[in-house]
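The structure appears right after this line, and notes come after that.
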Amino acid sequence: MSTATARMRALLGVPGSTLRGLPQLCECHGCGLVQRSRDLQPGQIMHCERCDTKLGVRRSNPPIATPLAFCLTSAVLYLLSITQPVLTISIYGRSRTITLFTGPIELLRDGWGIVGGLIALVTIVLPAVVILLMLGILFGALHHRLPLRVTAMMRWYDRLRPWSMIEVYMLGVLVAYTKLIDLADIQVGVAVYALAGLMLTLGVTDSTLDTDVIWSRRRVRLAHRHPVHRPFGPEIDIHEVPPPPEHMVSCLSCGLVCCSPTRLSCEECVGACPRCGARLYRRKPDSVRRTMALIFSAVVLYLPANVLPVMTIIKLNRGGDHTILQGVGELYDAGMLPLALLVFFASVTVPVLKVLGLCVMCFATWRGSANRLVLRSKLFRIIDFVGRWSMIDVFMISILVAVVHFDALANVNADAGMMSFAAVVILTIFAADCFDPRVMWDAAGLNGPAFGETRSPARAARAERAQA
Ligand SMILES: [Zn+2]
Ligand SMILES: [Zn+2]
């Protein structure tokens, strides 16, 4: 073991590992089925045989050069987007220009510093962090053997990428623009074009990056013989008979399946991944309870988010409060039906869909239900994907607050509803992140007896009654 790895293990506080990699296997993180990895040809995709989750993809482009070119372009576009103006507004002979920083600063001045900080984090800080991490990963991957620091960067990139919300911010700019066009003369700045370009280049960087190729440059200690003693016997070739499920764990970060000579605990940390150093858990700890706690908090805040005004619009000393639904109604009245539908879907439907969907999944897990598991897994993937798009309204308000600042002539201020709404969005994103969809399949008894009974209290009680 290298000194760096030993130091990292000590830092993580996990025991020196007996885990060995099994690169010939992969576990579906949607349903928990362990299956044989396939050697994919360029352009081929591997899906889970049970729930259809995408398990792997081999890109047909050069694995490092193409994403590197797009990532360098992203860095240039990012610099343009933070230094150039986003919008210039002219109203009754007065004009005002805003940049990406103006919205968070104005929110801070108005006493909504937490929301301002959140917007600055997801539109300014994290996009920069994500671009720097990707550059670090791609330059590191040019080495024949992947350096250890790059594995940590890959882990952080995975975690932080969904929080870089440039594409959602772009939609917020579009909605703000359509709201302002009747009020004043608007000029779109260079930063909007840079942000549109950045949205595309970040997307293309992700879709041309072949993480399997990068991970294959990191050597791991492999298991050849079955390390499991009685009753499986020490001499079984691992290529013929895979180890029993309770001796295997897969890394949520790099996907490596590892096996151990001993039975592994279900929810406790079982060691560090031999390939990327991430803490390994067979299932996300306390997934159902944590998800329900976050969902409950989101439900409590959902009512004020919709009843309280999210902003106050004053024009020539007249005007008043606006709730989210009133904003949708205004877009509809202005003849912007597609945009009204988009905002209604993102701000009203998505949070409700997330809360109901996650409640159904948690309840079905508690009961140990095996009904519509494939559908539930697909629903979870959708919920996980659409959550961040609810931030459109929050971004739109931050832009309006920044740009419409003309005292009695025209003024927009944020209101308490926006704070509650931003909290609902963040809580539901965390709730989806805490939920482990594999526990639905465990509770239905489809991942072997080692999982089922502990996962579904209702099922365990039924089994106990039947025995009695
Ligand atoms: Zn699956
Ligand atoms: Zn790993």
Checklist line | Normalised contact order of the chain, rounded percent, pairs of Cα under 8 Å and 6 or more residues apart | finding: 20
Checklist line | Nitroxide proxy distance, nm - points 7 Å out along Cα→Cβ at Arg289 and Asp433 | finding: 2.1
Check: In deg cm²/dmol and to the nearest 500, what is the mean residue ellipticity at 222 nm of the chain if only DSSP H runs of at least 4 residues count, each as -39500 (n - 2.57), divided by the residue total?
Finding: -16000 deg cm²/dmol
Next item on the list: Please turn the phi angles of the range 363-380 into ³J(HN,Hα) values with the Karplus equation 6.51 cos²θ - 1.76 cosθ + 1.60 (θ = phi - 60°), one per residue in order, whole Hz, x for glycine and proline.
Entry: 5, 4, 5, 4, 7, x, 6, 10, 7, 6, 5, 5, 5, 5, 5, 5, 4, 4
Next item on the list: Using a 1.4 angstrom probe on the protein heavy atoms only, line up Trp163, Trp366, Trp441 by accessible area, largest first.
Entry: Trp366, Trp163, Trp441
Notebook entry, point to check: Karplus couplings for the range 184-196 from phi (6.51 cos²θ - 1.76 cosθ + 1.60, θ = phi - 60°), rounded to Hz, Gly and Pro as x?
Noted result: 7, 8, 10, 10, 7, x, 4, 4, 5, 5, 5, 5, 4
Note to self: With only alpha-carbon pairs counted, each pair once and no self-pairs, how large is the Kirkwood hydrodynamic radius of the range 284-463 in angstroms?
What the structure shows: 18.0
Check: Once amide H atoms are placed 1.01 Å from N in the peptide plane, what residues at a sequence separation of 5 or more from Gly271, or on another chain, have their amide H within under 5 Å of its amide H?
Finding: Leu280
Next item on the list: Work from the charge dipole of the chain (Cβ charges, +1 for Lys and Arg, -1 for Asp and Glu, about the Cα centre) and give the residue of Ala305, Met292, Leu121 farthest towards its positive end.
Entry: Met292
Checklist line | Per residue, in Å², the accessible surface of the range 141-215 once ligands and nucleic acids are set aside, probe 1.4 Å | finding: 42
Item checked: No Cys partner within the rule (Cβ under 4.7 Å), the chain -> Cys26, Cys71, Cys258, Cys259, Cys266, Cys269, Cys359, Cys362, Cys434
Check: Near the amide H of Ser369, under 5 Å away, which other amide H atoms are found, from residues 5 or more places off or on another chain, if H is placed in the peptide plane?
Finding: none
Next item on the list: Take peptides 124-132, 412-420, 251-259 and line them up by average Cβ neighbours within 10 Å, highest first, as a rough protection proxy.
Entry: 251-259, 412-420, 124-132
Note to self: Tell me the per residue accessible area of the range 284-463 using a 1.4 Å probe; a whole number in Å² is fine.
What the structure shows: 42
Item checked: Peptide ranges 39-48, 71-80 listed from the most packed, as the mean C-beta count within 10 angstrom indicates -> 71-80, 39-48
Margin query: For a quick check: with amide H placed at 1.01 Å from N, whose amide H comes under 5 Å from Gln44's, ignoring anything fewer than 5 positions away on the same chain?
Written below: Arg58
Next item on the list: List, in order, the whole-Hz ³J(HN,Hα) value for each residue of the range 254-263 obtained from phi through the Karplus relation with A = 6.51, B = -1.76, C = 1.60 and θ = phi - 60°; use x for Gly and Pro.
Entry: 10, x, 5, 8, 10, 10, 10, x, 10, 5
Next item on the list: Could you tell me what percent of the accessible area of the chain is made up of carbon and sulfur, with a 1.4 Å probe and every protein chain present?
Entry: 62
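The values are calculated or read from the model by the stated rules, or taken from the named source; none is laboratory data. Here the structure is a predicted model, which is why all the values come from computation and not from measurement. Please note: Cβ atoms are built from the backbone with ideal geometry, for glycine as well, and neighbour counts cover all protein chains shown. Areas reflect the complete protein model, heavy atoms only, side chains present, ligands, DNA and RNA absent. Shrake-Rupley method; radii C 1.70, N 1.55, O 1.52, S 1.80 Å.
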